[in-house]
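Below is one structure, written out as structure tokens, with a few remarks after it.
FYI, it's all coordinate maths here, none of it is from the lab. Just so we're clear, the structure is a prediction, and the values are computed from it rather than from any experiment. Every residue, glycine among them, receives a Cβ derived from its backbone with ideal geometry; neighbour counts consider all protein chains shown.
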Amino acid sequence: VPALYIVATPIGHLDDITLRALQVLRNVDRILAEDTRHSAHLLQHFAIDRPMVSLHEHNEAARVVQIMRWLDAGESLALITDAGTPLISDPGFVVVRALREQGYAVVPVPGVSAVITALCAAGLPSDRFQFIGFLPSKNGPRERVLTEALAYTGTTLCYESPRRMVETLEVLARLAPQRPLVIARELTKQFETFLSGTADELLRRLRDDTDQQRGEMVLLLHGQATETLATEIDVDALLGLLAQYMP
Ligand code: SAM
């Protein structure tokens, strides 16, 4: 059946590509890539030689009809992005929604995503989490997004540009000075680092070692502690309940 395969690629370590991803990429008629030049290196590394066309945020809507024509003609297609899982802070959603609406087959070929990679090794609670994508680049919207995220009781994960990480930590130092944070940097690569601490502690680490301000980063915020929520407990009701067990 002609289908669009959504194929995850590595976020650093090339061995993180899956066997199934390689098999799919070798067999599709065409590969849609966010940046064909960037992906050419990956495909070359795995000796995959399929025709490539670009699919990025600026031409995604315009490509939809063409993609449907290729599928109608019996072609199978793969979508890849520069790194990790397509659609996760990456192009693809417009196409996937349109294909689903029209009844075309969309097949996930799962693999790495920086958000899950960070979560599984950061040491923050992983039972409940929210992913909020890239933080806004402008100060006002970013502070609003962070304020809202800080009220969440599970772990929050976001992508942040290395250029703004210091500024973001300064905002967090003001909004939530005690909150445990983790910066997961250069995941699966040679200089993979997990830095844990409060915003002030992390600011110190980043200023002492400016190498820590470079590379790709996921920022994790510990959830709002439930002790804070405990103040909302009705103390009289609780005492009444405990009184039943008192002699
Ligand atoms: N689709 C990708 C995924 O599944 O994770 C995300 C693409 S988004 C355009 C790129 C951002 O993801 C980076 O700015 C960084 O925040 C995060 N990221 C990607 N690779 C990473 C890595 N190796 N280590 C840490 N963060 C990474």
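Considering only the Cα atoms of the chain, their convex hull presents on average a projected area of 18.8 nm². Legend: calculated FRET efficiency, Met246 to Thr153, from the Cβ-Cβ distance at R0 = 35 Å, rounded to 0.05, equals 0.65.
The share of alpha-carbon pairs in segment 30-95 lying farther apart than 17 Å comes to 38%.
Ratio of Rg to Rh for segment 127-247: 1.14 [Cα atoms; Kirkwood radius as inverse mean 1/r over pairs].
Couplings 3J(HN,Hα) for segment 29-39, derived from phi with the Karplus relation 6.51 cos²θ - 1.76 cosθ + 1.60 (θ = phi - 60°), are 7, 8, 10, 8, 10, 4, 9, 5, 5, 4, 6 Hz, where x marks Gly and Pro.
In loop segments of segment 162-247 as defined by DSSP, the chymotrypsin sites (Phe, Trp or Tyr not before Pro) with at most 12 further C-beta atoms inside 10 Å of their C-beta are Phe191, Tyr245.
First obtain the Kirkwood hydrodynamic radius of segment 158-225 from its Cα pairs, then insert it into the Stokes-Einstein equation at 20 °C and 1.002 mPa s, and state the resulting D in µm² per second as a whole number. D = 181 µm²/s.
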